Amino acid sequence: MSRERDTQASLFSQIDVSGVGPPSRSEDEGQNAQAEQTLLLRELLAAQDRQNELLEELIQQVGAVQRQKAKELGQWKRANPDLSQKCRRAAEALSRVQTEFLSSLTEEIDQNYEIFLDGEFMLNEFVDRFGPRLAHLNGVLQVLGQLASAPGQ
């Protein structure tokens, strides 16, 4: 029993929690520490100001690119109104196809949920069968949606 206490005592160290505060500093040391803290805070503030400036520039750049793309897309739609309308009709039709595809995909998942959990082979087969088709279908829909004119045009 005493051997067990010795082992436990060596595992833990003692901590003095008395009310002794930090060693007192002289006034010069306190002023130097305060000046150093002030300098560090000013440097942090300057760095944050610079970071904010860089973020504002980044937002302006991204915004300019987006505005340019939107302008070019609007010009293309005005130059090709018939094609833009055809893109809209195609996007709507393909959206209905996508809905049916997603319906069959979810039915397949509902029916084979346990099999997908148990076997990696069956899950890979499922992903190989539905994944690329879904990805390509989404890509085509995105392009058609961007080229389609608004309903009122």
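The table below lists the values:
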quantity	calculated
The listed residue being among the β-branched types (V, I, T) and under 30 Å from Q75 (Cβ atoms), out of V127, V143	V143
Residue within region 94-117 that is in a helix (DSSP H, G or I), surrounded by 13 or more Cβ atoms within 10 Å (Cβ to Cβ) and of a type in the set (D, E) present	yes
Near pairs, Cβ below 8 angstrom, 6+ apart or cross-chain, from region 70-82 (touching a residue at least 24 places away in the same chain (Cβ under 8 Å)) to any residue that is part of a helix (DSSP H, G or I)	L73/Q146; L73/L147; W76/S84; W76/L147; K77/S84; K77/L147
Meets criteria (touching a helix residue (DSSP H, G or I) at 6+ places or on another chain (Cβ under 8 Å) and not assigned by TED's automatic domain parsing to the domain that holds G74) for V97	yes
Single residue of region 118-153 satisfying the filter (among the small types (G, A, S), in a helix (DSSP H, G or I) and within 30 Å of L83 (Cβ to Cβ)) that is modelled with the lowest pLDDT	G145
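The values are calculated or read from the model by the stated rules, or taken from the named source; none is laboratory data. This is a predicted model, so every value here is computed, not measured. When we count neighbours, we look across all protein chains shown, and the Cβ atoms used for this are built from the backbone with ideal geometry, even at glycine.
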